[in-house]
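Trainee: Below is a structure I'd like to ask you about.
Derivation of every value follows stated rules applied to the coordinates shown; laboratory data play no part. Computed from a predicted model, the values in this text were never measured in an experiment. In this analysis, Cβ positions are derived from the backbone assuming ideal geometry, glycine residues included, and neighbour counts consider all displayed protein chains.
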Amino acid sequence: MLILIGSFLVMLMVKVPVLFSMGISSALYLLSNDISLMVIGQRMTTMLMSFTLLAVPFFVLLAELFNAGNSTKRLIRFVLSLVGW
């Protein structure tokens, strides 16, 4: 874990972009530990299969539907009338 955090912080201090520093430090962590690629793949797929992640695209879809039907303006007016602004 020290390799992961240390390499990430060093790369950020050298002004490597965050995306690359996260990727490189994660790769260094995986290479330094004896974790098989099969286990890594299984862990990634089980994390992506969670029902919590399904809420994100549905939330975006609902927002688009609200915007298309002008429901957001009515919702904001209703909330503002409740608050009293």
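Trainee: Any idea how far apart V79 and A55 come out in nm if each label point goes 7 Å out from Cα toward Cβ?
Mentor: 1.7 nm
Trainee: Each residue of segment 68-85 in turn: what ³J(HN,Hα) in whole Hz from Karplus with 6.51, -1.76, 1.60 and θ = phi - 60°, glycine and Pro shown as x?
Mentor: Rounded to whole hertz, the list is 5, x, 6, 6, 5, 5, 5, 5, 5, 4, 5, 5, 5, 5, 5, 6, x, 8.
Trainee: Which log10 I(q)/I(0) values does segment 1-48 give at q = 0.19, 0.27 Å⁻¹ under the Debye formula, counting every alpha carbon as one identical point scatterer?
Mentor: -0.65, -0.94
Trainee: Could you rank the peptides 46-55, 66-75 by their average count of other C-beta atoms within 10 Å per residue, with the highest value first? List each step's numbers first, then the result.
Mentor: Details: 46-55: 8.8, 66-75: 11.1.
With the highest mean Cβ count within 10 Å placed first, the list reads 66-75, 46-55.
Trainee: Another question, then. Run the helix sum for the chain: -39,500 (n - 2.57) per DSSP H stretch of 4+ residues, divided by residue count, reported at 222 nm to the nearest 500 deg cm²/dmol.
Mentor: -26500 deg cm²/dmol
Trainee: Obtain the nm distance between the two label points defined at L62 and V18 by a simple spin-label model: each point lies 7 Å from its Cα along the Cα-to-C-beta direction.
Mentor: The two pseudo-label positions are separated by 2.7 nm.
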